[in-house]
Amino acid sequence: MEVHYGTSSFKNRSNAVVTSGTYDGVHFGHQKILARLTEIAKVDQGESVVITFWPHPRLVLNHNKSIKLLSTLEEKISLLESFGIDHLIIIPFDKEFSRLSSEEFVQKILIKAVGTKKLVIGYDHRFGKNREGSFEYLKQNSKRLGFEVEEIPKQEIEEIAVSSTKIRKALNNGDISTANHYLDRPFEISGKVIEGNKIGRTIDFPTANIEIDSPHKLIPKNGIYAVKVKIGNEAFLGMLNIGYRPTVETTDKKIIEANIFSFDKDVYGEDITVFFFSYLREEIKFDGLESLKNQLKKDQKNTLQFFSGQ
């Protein structure tokens, strides 16, 4: 997949099969569109093109900047590449771009910059200033615009009843099974391993403290999770704590730390990816390190039981 930052590096194609959207999470609904996109491109011997936007439009347009995203830009690029897309165009989204009318978006981006011959969109997809553009507008003007348009049927989208908003809500509630079902894969977070206070080592449960690079990445509900941890090309079972470690310290900084099973290497400064599989329990304050250690043994047992049943 070729990645283009803006349209200036993209050479107008003669047979571009295109879709556009934020694609946050690249969830199961998005995958329906991507599957159809690549199918048409293959049949027509064309090139599949995904147009997306960064930053997320809601971060630019909404006064409330607290929205958390399912995917960082790097994660979104990696996910889209896995679906066999030929080209990804990442358009910088700012206030000026947001003022483009639907007609201007079609003329400047879809026609002039990309050379769209077929456009595939999801049911009720809107675009342009104030979301004025629609499938009906495109269909009525298809001949004039010079490209065909196909909408993923309403029943296909409603059948799976998935949206990025529903996934965010599930993750905020610790409902990992629902989030993963809608995503069609385990939710993930990535970051660098940083030094912690090393208290875990004293109770035989050393942890890798993870610093998340993106301030807009959604972090699930506080608590203990059964996870898989990827370091380099290797994956390990483990459990993850998100919260404030009330038993061992007083802090207002949220901590993300993973206890990685059967692993004892020094990974400070390395990149790490955590895949969420199950919410085990809430984070609670114990009356001492010994009580905490006993609970962690139970958490480890529950994690191993969960994965043994997979």
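The numbers here are math on the coordinates, done by the rules we state, and not lab data. Here the structure is a predicted model, which is why all the values come from computation and not from measurement. Quick reminder, even Gly has a Cβ in these numbers, built from the backbone with ideal geometry, and neighbours come from all protein chains shown.
Values for this structure:
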{"read-out": "Gain on full stretching of the segment that runs from E96 to K169 - 0.36 nm per residue minus C-alpha separation", "value": "23.2 nm"}
{"read-out": "Efficiency of FRET from Cβ geometry, D124 and K254, R₀ 51 Å, rounded to 0.05", "value": "0.90"}
{"read-out": "Rounded to the nearest 20 debye, dipole of the chain from Cβ charges on Lys, Arg, Asp, Glu", "value": "600 debye"}
{"read-out": "Residues of type aspartates and glutamates that K293 reaches as a straight line, Cα spacing below 12 Å, ignoring anything fewer than 8 places off in the same chain", "value": "D204"}
{"read-out": "Tensor-based shape of the stretch 186-308 (alpha-carbon gyration tensor, a/c under 1.5 rounded, otherwise prolate or oblate)", "value": "rounded"}
{"read-out": "Spacing of the two label points (7 Å from each Cα toward its C-beta) at S214 and V3, in nm", "value": "1.1 nm"}
{"read-out": "Amide proton proximity set for V18, modelled H, under 5 Å, gap of 5+", "value": "V49, K117, K118, L119, V120"}
{"read-out": "Additional length obtainable on full extension of the chain from F286 to N15, 0.36 nm per residue less Cα span", "value": "91.3 nm"}
{"read-out": "Rounded to 10°, Cα long-axis angle of helix 289-308 versus longest principal axis of the chain", "value": "50 degrees"}
{"read-out": "Distant-in-sequence amide H partners of K217 (H built 1.01 Å from N, under 5 Å)", "value": "L69"}
{"read-out": "Residues E270 and K108, FRET efficiency given R0 of 30 Å [Cβ-Cβ distance, rounded to 0.05]", "value": "0.10"}
{"read-out": "Global form of the chain, assessed from the alpha-carbon gyration tensor, a/c cut-off 1.5", "value": "prolate"}
{"read-out": "Trypsin sites (Lys or Arg not before Pro) restricted to the stretch 44-146 and DSSP loop, no more than 11 other C-beta within 10 Å", "value": "K65, R99"}
{"read-out": "Cα gyration tensor category, rounded, prolate or oblate, for the stretch 2-166 with a/c compared to 1.5", "value": "rounded"}
